[in-house]
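Report on one structure; see the data block that follows.
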Amino acid sequence: MTATSFLSQKLGRTGLTAGAFLSAALLPVMAIALTIPETGEPAVIAGPGHVVDGDTLDVGHTRIRLEGIDAPEMAQTCQTATGESWDCGRKAAALLRTLAEQRDLACDRTGVDKYRRTLAVCYEDGVNVNEAMVRAGLAWAFIKYSTEFASVEAEAKARKIGVWQGPAEAPWDFRHGEWRVAETAAPKNCSIKGNISSHGHIYHLPWSPWYDRVSIDEARGERWFCSEADAVAAGWRPVSSN
């Protein structure tokens, strides 16, 4: 049973639909989480979205990684059919902002990834946000973990839209390459930069567009991290696309 069907079943006698309930219950500055009694895990996380990048967003205090998709990284570029470079990473983040930024979302939780982010499929007014990113050609179907959007990707590829209009490197390959380059200059191969600024404790991955501009001053408490999980565990947060 999906989170939405579970909620609909519970609301059946009230005459309210799950959508109507969520619309009435959403709060402007915080999210609510409904739980499945059998497991105690969040079934639906609802609230206004705040976009981090092309496949990650916050709903209230919950960091959500969109399940089954992988968008180009912010620093990543792709090519048009004529070989011109374009900022596909920034375009992906811009589309997700259009779909989800400060919009009332209902996200069906599917699990948690190794970075402790909630995996979810998010909906806004009936639109499957994850699917919409792939359909627009601004995210890959992340078939390593899910084949749910493989057919949607095939359609986008056939239409030659978004990243499929010309040569494009899959984001997982792009990340691997950037990490290998950063390792050669980072201490003990710990390539993640933990920066302290007016925005708080922010970590920058090697594929961040601001990575090369950040210098680490350990005397100020800034530091290097060997993994994203270490950075999150230490209380640092990733840089946002905004």
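The values are calculated or read from the model by the stated rules, or taken from the named source; none is laboratory data. Values in this document were obtained by computation on a predicted structure and should not be read as measured data. As a convention, Cβ positions derive from the backbone with ideal geometry for all residues, glycine included, and neighbour counts pool all protein chains shown.
Among the numbered conditions (1) more than 25 Å from Ser208 (Cβ to Cβ); (2) surrounded by 15 or more Cβ atoms within 10 Å (Cβ to Cβ), tell me where Ile64 comes up short.
With (1) more than 25 Å from Ser208 (Cβ to Cβ); (2) surrounded by 15 or more Cβ atoms within 10 Å (Cβ to Cβ) applied to Ile64, the lone miss is (1).
Table: residues versus (1) within 30 Å of Ala233 (Cα to Cα); (2) surrounded by 14 or more Cβ atoms within 10 Å (Cβ to Cβ); (3) among the basic types (Lys, Arg).
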site: Pro167; (1), (2), (3): no, no, no
site: Thr184; (1), (2), (3): yes, no, no
site: Ser197; (1), (2), (3): yes, no, no
site: Ile202; (1), (2), (3): yes, yes, no
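With Glu228, Glu178 as the choices, which residue is in contact with a strand residue (DSSP E or B) (Cβ under 8 Å, 6 or more places away or on another chain), touching a residue at least 24 places away in the same chain (Cβ under 8 Å) and of a type outside the set (Ser, Thr, Tyr)? Lay out the reasoning, then the answer.
Working: Glu178 fails: in contact with a strand residue (DSSP E or B) (Cβ under 8 Å, 6 or more places away or on another chain).
Sole residue among the options that is in contact with a strand residue (DSSP E or B) (Cβ under 8 Å, 6 or more places away or on another chain), touching a residue at least 24 places away in the same chain (Cβ under 8 Å) and of a type outside the set (Ser, Thr, Tyr): Glu228.
Within the stretch 208-222, count every residue that is closer than 15 Å to Glu183 by Cα and among the basic types (Lys, Arg).
The total comes to 0.
Restricted to the stretch 98-116, and to residues that are touching a residue at least 60 places away in the same chain (Cβ under 8 Å) and within 13 Å of the chain's Cα centre (by Cα), which residue is nearest to Glu131 (Cα to Cα)?
Cys107
Filter the stretch 119-145 down to residues that are farther than 20 Å from Met74 by Cα and buried (at least 21 other Cβ atoms within 10 Å of the Cβ), then give me how many there are.
Residues meeting the conditions: 4.
Hey, among the residues in the stretch 117-166 that are part of a helix (DSSP H, G or I), more than 22 Å from Asp58 (Cα to Cα) and acidic (Asp, Glu), which one's farthest from the chain's Cα centre (by Cα)?
Among them, the one singled out is Glu155.
Tell me, yes or no, whether the stretch 193-205 has at least one residue that is modelled with pLDDT under 90 and either touching a His at 6+ places or on another chain (Cβ under 6 Å) or more than 23 Å from Glu101 (Cβ to Cβ) (or both).
The answer is no; no qualifying residue exists.
Looking only at helices (runs of 4 or more DSSP H) that fall completely inside the stretch 1-105, which ones have 1 or more residues that are of a type in the set (A, V, I, L, M, F, W, C) and at pLDDT below 50? So that I can check it myself, show each step before the final result.
Numbers: elements: 3-11, 18-25, 88-100.
Fully inside the stretch 1-105 and qualifying: 3-11, 18-25.
Considering only residues that are among the hydrophobic types (A, V, I, L, M, F, W, C) and over 13 Å from the mean Cα position of the chain (by Cα), look in the stretch 67-97 and name the one that is surrounded by the most Cβ atoms within 10 Å (Cβ to Cβ).
This residue is Cys88.
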